[in-house]
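Asks: Just passing along the structure, written as structure tokens.
A short reminder: the numbers here are calculations on the coordinates, not readings from a lab. Bear in mind that the values here come from a model prediction, so they are computed numbers and not experimental data. All Cβ positions, even for glycine, are placed from backbone atoms using ideal geometry, and neighbour counts span all protein chains on display.
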Amino acid sequence: MIFFSLLFALLIGLAVGSFLNVLILRIPKGENIAFPASHCPRCGHNLKWYHNIPLLSWLALKGKCAFCKAPISPQYPLIELLTGLLYLTVALKTGLGASWFVTATLFALLLALSVIDFRYYAVPDSLNVSALVLALLLPLAKMADTALFGQLESFAPYREALIHTFADAAILAAAFWALGFGVKRMIGKEALGEADIIIAGTMGALLGLPLALSAVYIAALLALLPALFAKGRMVPFVPFLALGTWIAWLFEPQITRWWSALYG
């Protein structure tokens, strides 16, 4: 049963990864994500259903269009594989359920936002706000899991968790806003944008405090080296915030013990 559960998580992740590629490709261009149907960007041929099987189609076609033989970007199988592994990893930590799907989908959105920010230096509000909403609703997903197994005795703990989730999101978002405002007053240019503030809210809602602060610290460390070698060029910060969030969530017990040892 464990094997089939994990296989299910992987397959769902691969399918979501295929959809993420559509979002990454079309949203920055202002295109409809549903129409037209999937097609080769080079020759324009509509793809058959068997050309869209996540990961397997790219391997079967040897990375080339079935019609014009133009190379297919390796981004497609890479995003599918990463998303599949993401859903699998979250399932290993949380087990299958509503909270698994919400958490994994939240991280999938952060992955899409990271790729878009890296490629276009832009962060679509539609995906960013969707990630924030999922993070804010995570306590309700956990409550649904508890109710599913007949263990829900009271709504009160989840109501408190919901309040704390909204509070942590607001605190971290406000802290980012204040930091960005202060830096802008000092150096005269934008340091943290609206997208970073929304993602800060997502981090606060998902991780809570002080774990979210650990994620910000990890993100800053990861971004430090690229910033030193950027030579005046813009360094997208969203990918580092997303990676810091993933690391903090994945190693939550270890980081929590470290905080307790430091301030306990």
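Asks: In whole Å, how far is the Cα centre of the range 70-130 from that of the range 193-223?
Replies: 17 Å
Asks: If you don't mind, there's one more thing I want to ask. Anyone know which of M234, M203, M143 comes out most mobile in the 10 Å Cα GNM of the chain?
Replies: For the chain, modelled as a Gaussian network with Cα springs under 10 Å, the answer is M234.
Asks: Also, quick follow-up: Read phi for every residue in the range 23-39 and hand back ³J(HN,Hα) as whole Hz from Karplus 6.51 cos²θ - 1.76 cosθ + 1.60, θ = phi - 60°, with x for Gly and Pro.
Replies: 3J(HN,Hα) across the range 23-39, in whole Hz: 4, 5, 7, 9, 4, x, 8, x, 8, 5, 7, 9, 10, x, 5, 4, 8.
Asks: OK, next. Given the rule -39500 (n - 2.57) for each run of at least 4 DSSP H residues, summed and divided by the residues of the chain, what is its mean residue ellipticity at 222 nm, to the nearest 500 deg cm²/dmol?
Replies: Per the formula, -23500 deg cm²/dmol.
Asks: Which trypsin sites (Lys or Arg not before Pro) in the range 165-230 pass both tests, a DSSP loop state and at most 11 other beta-carbon atoms within 10 Å?
Replies: Listed in order of number, the matching sites are K189.
Asks: Let me ask something else. When a/c reaches 1.5 or more, the comparison of a/b and b/c decides; with that in mind, is the range 1-125 rounded, prolate or oblate per its Cα gyration tensor?
Replies: Cα axes put the range 1-125 in the oblate bin.
Asks: By the gyration tensor of its Cα atoms, with a ≥ b ≥ c the square roots of the eigenvalues, what is the shape of the range 88-185: rounded for a/c under 1.5, prolate for a/b over b/c, or oblate? Working shown, then result.
Replies: On the way: a/c = 3.34, a/b = 1.51, b/c = 2.21.
It comes out oblate by the Cα gyration axes.
Asks: A follow-up question, please. Please list, in chain and number order, the residues 5+ apart from G95 or on another chain whose amide H is under 5 Å from its amide H, with Hs placed from the backbone.
Replies: Amide H neighbours of G95: none.
Asks: Go through the range 150-238 and name the GluC sites (Glu not before Pro) that are in a DSSP coil and have 12 or fewer other Cβ atoms within 10 Å of their Cβ.
Replies: When the GluC sites (Glu not before Pro) of the range 150-238 are filtered for loop state and at most 12 Cβ neighbours within 10 Å, E153, E190 remain.
Asks: Label the chain by shape, choosing from rounded, prolate and oblate, from the square roots a ≥ b ≥ c of the eigenvalues of the Cα gyration tensor; if a/c is under 1.5 it is rounded, and otherwise prolate applies when a/b is larger than b/c, oblate when it is not.
Replies: oblate
Asks: Just S154, S130, S18 to compare: in a GNM of the chain, with alpha carbon springs under 10 Å, which one fluctuates most?
Replies: Checking each option, the largest mean-square fluctuation is seen for S154.
Asks: A further question on this structure: May I ask for the longest run of the chain untouched by chymotrypsin sites (Phe, Trp or Tyr not before Pro) that are loop-located per DSSP and have at most 13 neighbouring C-beta atoms (other than their own) within 10 Å?
Replies: 1-120
Asks: Using modelled amide H (1.01 Å from N, peptide plane; none on Pro or chain starts), what sits under 5 Å from the amide H of H39, excluding residues fewer than 5 places away?
Replies: L47
Asks: When the chain is modelled as a GNM with alpha-carbon springs shorter than 10 Å, which of A230, A205, A170 fluctuates the most?
Replies: Taking springs between Cα atoms under 10 Å, the residue moving most is A230.
Asks: Give the long-range amide H neighbours of K64: residues separated by 5 or more places, or on another chain, with amide H under 5 Å away, using H modelled in the peptide plane at 1.01 Å from N.
Replies: The answer is I72.
Asks: Counting Lys and Arg as +1 and Asp and Glu as -1, each charge on the Cβ, what is the dipole of the chain about the Cα centre in debye, to the nearest 20? Intermediate values should be presented prior to the final figure.
Replies: Details: 17 positive and 12 negative charges, 207 e Å.
Magnitude of the dipole: close to 1000 debye.
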